[in-house]
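Notes for the one structure printed next.
The values are calculated or read from the model by the stated rules, or taken from the named source; none is laboratory data. The structure presented is a predicted model; accordingly, all values stated were derived computationally and were not measured. Cβ: placed from backbone, ideal geometry, glycine included. Neighbour counts: every protein chain shown. Quick note on the areas: whole protein, heavy atoms, side chains included, nothing else; ligands and nucleic acids left out. Shrake-Rupley method; radii C 1.70, N 1.55, O 1.52, S 1.80 Å.
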Amino acid sequence: MFRAPIFENERVCFHFDFIKLLRMASIRDYNVVEQFNSRLEEIRSKLLDQAMGEVLNDTAMELCQQHRHYMKSVMDTCIKKSKEDESMFESIHIHKEDLKERTAVLKEKKTEHIEVESEIEDKEHHKELLIQRIEKLKKDHVKNRELIQSQNKANKDRLKKLNICKDIFQKHLSLEIRKIQGEKLQFVFRNISRKDPDIVHAFLLRLDAEGVYHIISCDPPLENMAHLELRLQETNNFPAFLANVRREFVALYSGAKK
């Protein structure tokens, strides 16, 4: 904006100078015209300088005012942005802490998952071992059953032979076979001596699960009983064993009588 009072004063001065020059111009002097033109140019330049100065001052003031408003707007925006950034940074920090907690939880769950997998693998391995053991037990059971069946058949054959021996020895040698509790057999000999036929000579025998004969006791004791027992286990010839035992009882009785 231009300042009007200054221009008004200049105009007044210019008006008086112009009148003064016109009066002087009536003399028709060339120098007067030059002076008029020079004075006119000087006044014009002065007015232009003043106008430009005032325009520049007003423009500078306006620019300063605009700059202040702009800087204030920028500061307000920066403050607002700073607050928003602080809120954003705080949210980021919260998210980081939450992420850290979730990471720790996931790590813990991963560890638990590994432990569970290890436990499952151990159980699966134990299961495989149990299955293998069960299969082995099944096979052993089949073998044992077959063995028992075979032994039972062998024992039946032995008992059949014993029964045959029993009949023979009982008929001709007065041998009595008694079944004792605990799967034991007692063999009672009589007629060891014709003069004293009622004297009893006996031994107790057991047949184990494998079909092996064992002498438990002998009355009266025979020195060769251990040898006879071993020979029986080797040959499995029970009739010969009974004959040998009877022979030993006869020899023992004859020796004792002498």
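Observations, loosely collected:
- E42 contributes about 100 Å² of solvent-accessible surface, heavy atoms of the protein only, 1.4 Å probe.
- Tail weight of P(r) past 16 Å, computed on alpha-carbon pairs of the stretch 188-246, percent: 45 percent
- Remark: accessible surface ordering of R246, R44 (largest first) is R44, R246, probe radius 1.4 Å.
- Per-pair calculated FRET efficiency, R0 = 41 Å: D98 and Q65 via Cβ, rounded to 0.05: 0.25
- From the Kirkwood radius over Cα pairs of the stretch 54-144, Stokes-Einstein at 4 °C and 1.567 mPa s returns a whole-number translational diffusion coefficient of 62 µm²/s.
- Spacing of the modelled spin labels on K184 and I216, each 7 Å from Cα toward Cβ, amounts to 0.3 nm.
- Pair S45, K80: separation of 7 Å Cα→Cβ label points (nm): 5.3 nm
- Solvent exposure ordering (accessible area, 1.4 Å, most first) of K171, K109: K171, K109
- Taking Lys and Arg as +1 and Asp and Glu as -1, the other residues whose beta-carbon sits under 14 Å from that of G182 total +2.
- Pairs from the list K136/K184; K123/K143; K156/K184 with a Cα-Cα gap above 26 Å: K136/K184; K123/K143.
- Gain on full extension, evaluated as 0.36 nm per residue between T235 and V105 minus their Cα-Cα distance, stands at 39.0 nm.
- For the stretch 77-130: Kirkwood Rh in Å [reciprocal of mean 1/r, alpha carbons]: 14.6 Å
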